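Worksheet: one structure, shown below.
The values are calculated or read from the model by the stated rules, or taken from the named source; none is laboratory data. These numbers were taken from a predicted model, which means no experiment stands behind them. Ideal geometry is used to build each Cβ from the backbone, glycine not excepted, and the neighbour counts take in all protein chains shown.
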Amino acid sequence: MNLDDLGQHPFFIRASQDSIDVQKALGLKMTDDFDDAMPMDELQFYVTRVGFSLSHTIGWTEQLQHAVHFMTDFGYSKKASVAGIKRSHHLLYNVENYLIRLQSVYDRCLQLTNAVFHLCISSEHVNHGVIVSNLHVNRTNVPKLLKTVKNSIKREEQERHTLVHKHSHMDPELRRIDLFYMHSKETWGADKSIPFENIQHIRSQLVKKYTTRRKPEFEAINAELASSLASLFDGLIVEYSRQKVRLGKIV
C-alpha cells in the first residue's frame, strides 16, 4: 500500500459522498465557497467537519508521496539560475520539507479523531493527551491505532524538532554536496588544476548517491505510514457510522 491508495479507502469515499450530498441539500455547487456561518442541522455540521478534516489529512499524505518524487525532479531553468537556486538548495529544501510534514501527519490525525468522535474541542486545544484520554475515544481501539501511526514516523521525530526549533538539517552528505555547488563555471575559472567539468561530474554523482539512498528510506516510511493510516481509517469509519445514526435520530 502507498499513501495514494488512501484516497480509495471506504472511509474517504463515504465521507466525501456524504459531504457532497450535504452541499447539494444546502443548494451549493461544487465550485461554491463553503461558509461556516451557513445554517445547517447538527448532522450536516458533523458530516462537513469530518469531510473537511479527512480531506486535509489525505491531502497532507499525498504531499509526502509527492515529496519523494520532487527530490530528483529539479529543473535547470534560466530563471532558477538567475535566482541563485542550485540543485543543492532544491535537494535540501525537499528533504527538510518532507521531514517537517511527516511529523505533522499525526496532528492531522488528532484533528480528524476530534471531528469523527464529535468532541467539538477547539482545534488549538487538540493534542495527543486530550484526544486519547477522552472517555469516548478511550473506550475504543482508536488510541491504539493512533499510537501505531505515531510509531510509524517516530524515527524522524527528533529531526523535525531540530529543524523547527534549532537549526537546519545537519547531514554530512548534504553539506558536501552544497560545497560542490558553491561555484559556477564563471566563478571557478579556467586556471584551476581540476576542470570545472570534473566538479560537475563529481557533484552529480554525489547527488545521485544521496538520493539513491534516501528515496527508498522515505518510500519505506511512507508505506508503513500508509498501512497504519488505513488501519486508523478502519477504526474511525465505525465511529463515523455510529455518530451518523445517532445524530440522524435527533435532527
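Check off (1) over 17 Å from Asp5 (Cα atoms); (2) of a type outside the set (D, E, K, R); (3) surrounded by fewer than 21 Cβ atoms within 10 Å (Cβ to Cβ) for Tyr240 and give me the number that stays unchecked.
(3)
Looking at Val105 and the list (1) under 30 Å from Val238 (Cα atoms); (2) modelled with pLDDT under 90, which single condition is not satisfied?
Val105 satisfies every listed condition except (2).
Among the helices (runs of 4 or more DSSP H) confined wholly to region 1-82, which include 2 or more residues that are under 20 Å from Val105 (Cα atoms) and hydrophobic (A, V, I, L, M, F, W, C)? Full working, then the answer.
Numbers: elements: 10-25, 42-70, 78-82.
Qualifying helices (runs of 4 or more DSSP H): 10-25, 42-70.
How do the pairs read when you match residues in region 208-219 that are touching a residue at least 24 places away in the same chain (Cβ under 8 Å) with residues anywhere that are surrounded by 12 or more Cβ atoms within 10 Å (Cβ to Cβ) and part of a helix (DSSP H, G or I), using Cβ under 6 Å and keeping only pairs 6 or more apart or on different chains?
Tyr210/Glu173; Lys215/Val68; Phe218/Val68; Glu219/Val68
Considering only region 6-21, state which residues are surrounded by 14 or more Cβ atoms within 10 Å (Cβ to Cβ) and touching a residue at least 60 places away in the same chain (Cβ under 8 Å). Spell out how you get there, then give the answer.
Here is the first cut: in region 6-21, the residues surrounded by 14 or more Cβ atoms within 10 Å (Cβ to Cβ) are 6-7, 9, 11-12, 14-16, 18-20.
Answer for region 6-21, where residues must be surrounded by 14 or more Cβ atoms within 10 Å (Cβ to Cβ) and touching a residue at least 60 places away in the same chain (Cβ under 8 Å): Leu6, His9, Phe11, Phe12, Arg14, Ala15, Asp18.
Under 7 Å between Cβ atoms, which residue pairs at least 6 apart in sequence (or on different chains) link something in region 34-51 that is closer than 17 Å to Phe117 by Cβ and at pLDDT 85 or above with a partner that is outside any loop (DSSP other than H, G, I, E, B) and aromatic (Phe, Trp, Tyr)?
What qualifies is Val50/Tyr240.
Conditions: (1) surrounded by 12 or more Cβ atoms within 10 Å (Cβ to Cβ); (2) within 28 Å of Ala230 (Cα to Cα). Asp41 meets all but one. Number of the miss?
Just one mismatch for Asp41, condition (2).
Filter region 79-108 down to the residues that are out of contact with any Phe, Trp or Tyr (no Cβ under 8 Å at 6 or more places or on another chain), hydroxyl-bearing (Ser, Thr, Tyr) and closer than 22 Å to Leu179 by Cβ and list them by number.
Within region 79-108, Ser81, Tyr93 qualify.
Checking the condition of a type in the set (Ser, Thr, Tyr) and within 30 Å of Lys244 (Cβ to Cβ), which residue from Ser77, Ser122 passes? Please lay out each step first, then the result.
On the way: Ser77 fails: within 30 Å of Lys244 (Cβ to Cβ).
Answer to the check: Ser122.
Take the residues in region 64-89 that are among the polar types (S, T, N, Q) and in contact (Cβ under 8 Å) with a residue 60 or more places away in the chain, then tell me which one is farthest from Asp5 (Cα to Cα).
Ser88
Restricting the search to region 169-202, which residues are free of Cβ contacts under 8 Å to residues at least 24 places away in the same chain, assigned to a loop (DSSP other than H, G, I, E, B) and closer than 12 Å to Ser88 by Cβ? Write out each step before concluding.
Looking only at region 169-202, we keep the residues that are free of Cβ contacts under 8 Å to residues at least 24 places away in the same chain, and these are 170, 172, 175, 179, 182-202.
Next, only the ones that are assigned to a loop (DSSP other than H, G, I, E, B) stay: 170, 182-184, 189-195.
Met182, His183 - these are the residues of region 169-202 that are free of Cβ contacts under 8 Å to residues at least 24 places away in the same chain, assigned to a loop (DSSP other than H, G, I, E, B) and closer than 12 Å to Ser88 by Cβ.
Which residue is farthest from the chain's Cα centre (by Cα), if the candidates are limited to region 90-132 and must be free of Cβ contacts under 8 Å to residues at least 24 places away in the same chain and within 30 Å of His201 (Cβ to Cβ)?
Filtering region 90-132 for residues that are free of Cβ contacts under 8 Å to residues at least 24 places away in the same chain and within 30 Å of His201 (Cβ to Cβ), the one farthest from the chain's Cα centre (by Cα) comes out as His90.
Only one residue in His128, His89, His118, His69 is over 30 Å from Leu174 (Cβ atoms), surrounded by fewer than 16 Cβ atoms within 10 Å (Cβ to Cβ) and not hydrophobic (A, V, I, L, M, F, W, C). Which one? Show your work before the answer.
Numbers: His89 fails: over 30 Å from Leu174 (Cβ atoms); His118 fails: surrounded by fewer than 16 Cβ atoms within 10 Å (Cβ to Cβ); His69 fails: over 30 Å from Leu174 (Cβ atoms).
That would be His128, the only listed residue that is over 30 Å from Leu174 (Cβ atoms), surrounded by fewer than 16 Cβ atoms within 10 Å (Cβ to Cβ) and not hydrophobic (A, V, I, L, M, F, W, C).
Within region 169-207, work out how many residues are more than 30 Å from Arg101 (Cα to Cα), surrounded by fewer than 15 Cβ atoms within 10 Å (Cβ to Cβ) and touching a Ser or Thr at 6+ places or on another chain (Cβ under 9 Å).
1
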